[in-house]
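Peer 1: Questions regarding the structure given below will be posed in turn.
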Amino acid sequence: MGGDVVPGSIVKSGDRVEFVIQQVEEGVGKTLNVVYTGQDPLPDTFRDRAQALCDGELRADGAFEAKDPSQVRVEVRSQARGERLA
């Protein structure tokens, strides 16, 4: 799963991080709740508006679960040009 991290959606509580990613396909925006639980931190580049690519499982409650920080990859765009930096 992949999309842009929705600004203000990142909630950290202990070893749990919840956030929302948004995908836009054919002009229609779709959102997906993502949950990461683990002792290892997510990448330093993980923040609002970053493009997150997540591997894991879709849970019965509709949230997407990543259980390892290597399952959450992040690309950050330059704010000035909209270019990807990392």
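Peer 1: From the set of residues in segment 40-55 that are farther than 11 Å from Phe19 by Cβ and at pLDDT 90 or above, which is least open to solvent (accessible area, probe 1.4 Å)? Reasoning before the result, please.
Peer 2: Initially, segment 40-55 is screened for residues farther than 11 Å from Phe19 by Cβ, giving 40-41, 43-45, 49, 51, 53, 55.
If we keep only those that are at pLDDT 90 or above as well, we get 49, 51.
Working: Arg49: 162, Gln51: 35 Å².
Taking the candidates together, the pick is Gln51.
Peer 1: Run Asp40 past the list (1) in a loop (DSSP other than H, G, I, E, B); (2) out of contact with any helix residue (DSSP H, G or I) (no Cβ under 6 Å at 6 or more places or on another chain) and report the number of the one that doesn't hold.
Peer 2: Only one criterion is unmet by Asp40, namely (2).
Peer 1: If you take the residues in segment 60-69 that are touching a residue at least 12 places away in the same chain (Cβ under 8 Å) and out of contact with any Ser or Thr (no Cβ under 9 Å at 6 or more places or on another chain), which one is surrounded by the most Cβ atoms within 10 Å (Cβ to Cβ)?
Peer 2: Filtering segment 60-69 for residues touching a residue at least 12 places away in the same chain (Cβ under 8 Å) gives 62-69.
In the following step, the residues that additionally are out of contact with any Ser or Thr (no Cβ under 9 Å at 6 or more places or on another chain) were identified as 62-64, 68-69.
Working: Gly62: 8, Ala63: 15, Phe64: 18, Asp68: 12, Pro69: 16.
Here the answer is Phe64.
Peer 1: Sort through Ala80, Ala66 and tell me the only one that's modelled with pLDDT under 90 and touching a strand residue (DSSP E or B) at 6+ places or on another chain (Cβ under 6 Å). Show your work before the answer.
Peer 2: Numbers: Ala80 fails: touching a strand residue (DSSP E or B) at 6+ places or on another chain (Cβ under 6 Å).
Checking each option against the conditions leaves just Ala66.
Peer 1: For segment 16-39, name all the residues that are modelled with pLDDT under 90, open to solvent by less than 90 Å² (accessible area, probe 1.4 Å) and not β-branched (Val, Ile, Thr).
Peer 2: Listed by number, the residues that qualify are Gln23, Gly27, Gly29, Gly38.
Peer 1: Could you check how many residues of segment 1-17 are assigned to a strand (DSSP E or B) and touching a residue at least 40 places away in the same chain (Cβ under 8 Å)?
Peer 2: Our first condition is that a residue be assigned to a strand (DSSP E or B); within segment 1-17, this holds for 2-5, 11-13, 16-17.
Then drop every residue that is not touching a residue at least 40 places away in the same chain (Cβ under 8 Å), which leaves 2-5.
Selection size over segment 1-17: 4.
The values are calculated or read from the model by the stated rules, or taken from the named source; none is laboratory data. Just so you know, these numbers come straight off a predicted model, no measurement behind them. No Cβ is skipped: glycine too gets one built from the backbone with ideal geometry, and neighbour counts run over all protein chains shown. These area figures cover heavy atoms from the full protein model, side chains too; ligands, DNA and RNA do not enter into them. Shrake-Rupley method; radii C 1.70, N 1.55, O 1.52, S 1.80 Å.
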